[in-house]
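Some notes on the structure that comes next.
The values are calculated or read from the model by the stated rules, or taken from the named source; none is laboratory data. Owing to the predicted nature of the structure, the values given are computational and were not obtained by experimental measurement. No Cβ is skipped: glycine too gets one built from the backbone with ideal geometry, and neighbour counts run over all protein chains shown. Only protein heavy atoms, including side chains, enter the accessible area calculation; ligands, DNA and RNA are left aside. Shrake-Rupley method; radii C 1.70, N 1.55, O 1.52, S 1.80 Å.
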Amino acid sequence: MIKDFDVKISSKDKKAKVTWKIEKDKDFKGCIVFRSFNGEGMVQLSGNLLYTDEYIDSKLKEGAYIYMLKLYDKLGNIVKSEEVKVILTLEKN
């Protein structure tokens, strides 16, 4: 089960910190972070299964982002988080 899925975005650093809490049981295999940019399809960000509770997405451009997490177990089950939308607006110099 995925709890507290959240995304904090930093316009200064052009990064997003994606965090979550999961209940790991004996069948837990790992999770993968996905992102959509400006309405495009979801793209897998993490190349391999993650075993941590955060992911840093860097080198972001100005626009709207949607993040989602998928949790995988050894039995082949997949649990999706809710989608979280954030908007990055860069300061004009």
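For region 63-83, a tally of residues being under 24 Å from K12 (Cα atoms) and open to solvent by 60 Å² or more (accessible area, probe 1.4 Å) returns 1.
Tally time: how many residues in region 58-77 are part of a strand (DSSP E or B) and over 15 Å from the mean Cα position of the chain (by Cα)? Total satisfying the criteria: 2. The set of residues from region 49-62 being in contact (Cβ under 8 Å) with a residue 40 or more places away in the chain and open to solvent by less than 40 Å² (accessible area, probe 1.4 Å) comprises D57, L60.
Sub-6 Å Cβ pairs linking a first residue in region 1-23 that is more than 17 Å from S58 (Cβ to Cβ) to a second residue that is outside any strand (DSSP E or B) and not charged (D, E, K, R), at least 6 apart or interchain, are I2/S81; F5/S81; E23/M1, ordered by first then second residue.
Suppose we keep only residues that are of a type in the set (S, T, N, Q) and in a strand (DSSP E or B) within region 28-48. Which one would you say is most open to solvent (accessible area, probe 1.4 Å)? So the residue we want is Q44.
Of all the residues in region 29-57, those that are over 9 Å from the mean Cα position of the chain (by Cα) and of a type in the set (A, V, I, L, M, F, W, C) number 6. Residues in region 5-27 that are in a strand (DSSP E or B) and either closer than 23 Å to K74 by Cα or of a type in the set (G, A, S) (or both): F5, S10, A16, T19, W20, K21, I22.
If you take the residues of region 84-93 that are β-branched (V, I, T) and in a strand (DSSP E or B), which of them is surrounded by the fewest Cβ atoms within 10 Å (Cβ to Cβ)?
So the residue we want is I87.
With respect to being among the charged types (D, E, K, R) and either over 30 Å from E91 (Cα atoms) or surrounded by 13 or more Cβ atoms within 10 Å (Cβ to Cβ) (or both), D13 falls outside the description.
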